[in-house]
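Take a look at the structure set out below.
The values are calculated or read from the model by the stated rules, or taken from the named source; none is laboratory data. As the structure is a computational prediction, the values presented were derived from the model and not from experiment. As a convention, Cβ positions derive from the backbone with ideal geometry for all residues, glycine included, and neighbour counts pool all protein chains shown.
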Amino acid sequence: MAVASEITSEKLPEDSKFIIVPSEPQLHEGGSDSNSIAKFQNAAASQAKTSEASGAKQLGGRVLAVASGGGHWLEMCRLYPVFENLDVAFVSVSKAYAEQVPNHRFYTVRDVTRWDRWGLVVLAGQLLRILLIERPTVVITTGSAPGLFALTIAKLALRARTMWIDSIANCEQLSSSGMRARHVADVWLTQWPSLERPNGPAYWGAVL
């Protein structure tokens, strides 16, 4: 998986509370946009502390990474090097996925759709429990419903910093969860340049 050392911050607003911190380069033979993944890496990898010089809050500390199954989980796995040397726990819908993130805490939640109202209630309860156990300073998700719920609860209950990366499958328009995520995501991203807008979502590249 690609991680590059060339870091730029042109997509961040001037009053952004995120600080981009360069990391050691790691080479990759695949076809991902390594510079864009580096942006994901450094938004997640900066330690949670206050910079006396800028007064801005850096991201990092304890991180919770949340993704549904299938492509959502695959995209999260492509970001795995982002979490190197960080205290990260993963959340998804299948216990089998735990084998893909060894040496990290892993939680399983109910796999639901937005039409499964009872399932959504159960999911919310599961995520609240996980968030209270982990108490992350940052929550990152590639979607869908579990990620949206996690960002919402984390923002309201813990005042955590949040990042939404809409799935690359949504090439014509953002997912319905992605549209709702704008209200609770500190960093709100699409993986298609044609979907970028001045007021968001931003485009930093693609993870696949």
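Overview of results
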{"item": "Residue count, segment 67-100 (criterion: charged (D, E, K, R), farther than 23 Å from A169 by Cβ and not in a loop (DSSP other than H, G, I, E, B))", "result": "3"}
{"item": "Test for W164: is it surrounded by 22 or more Cβ atoms within 10 Å (Cβ to Cβ), touching a helix residue (DSSP H, G or I) at 6+ places or on another chain (Cβ under 7 Å) and more than 16 Å from A67 (Cβ to Cβ)", "result": "no"}
{"item": "Complete set of residues in segment 106-128 that are surrounded by fewer than 15 Cβ atoms within 10 Å (Cβ to Cβ) and in a loop (DSSP other than H, G, I, E, B)", "result": "T113, R114, W115, D116"}
{"item": "Residues located in segment 57-66, provided they are crowded, with 21+ Cβ neighbours inside 10 Å and not in a loop (DSSP other than H, G, I, E, B)", "result": "V63, L64, A65, V66"}
{"item": "Test: residue in segment 129-145 that is part of a loop (DSSP other than H, G, I, E, B), surrounded by fewer than 18 Cβ atoms within 10 Å (Cβ to Cβ) and either touching a residue at least 40 places away in the same chain (Cβ under 8 Å) or in contact with a strand residue (DSSP E or B) (Cβ under 9 Å, 6 or more places away or on another chain) (or both)", "result": "yes"}
{"item": "Considering residues of segment 111-128 that are modelled with pLDDT of 95 or more and within 19 Å of the chain's Cα centre (by Cα) only, the residue farthest from G69 (Cα to Cα)", "result": "L128"}
{"item": "Residues of segment 82-131 classified as touching a Gly at 6+ places or on another chain (Cβ under 8 Å) and basic (K, R), total", "result": "1"}
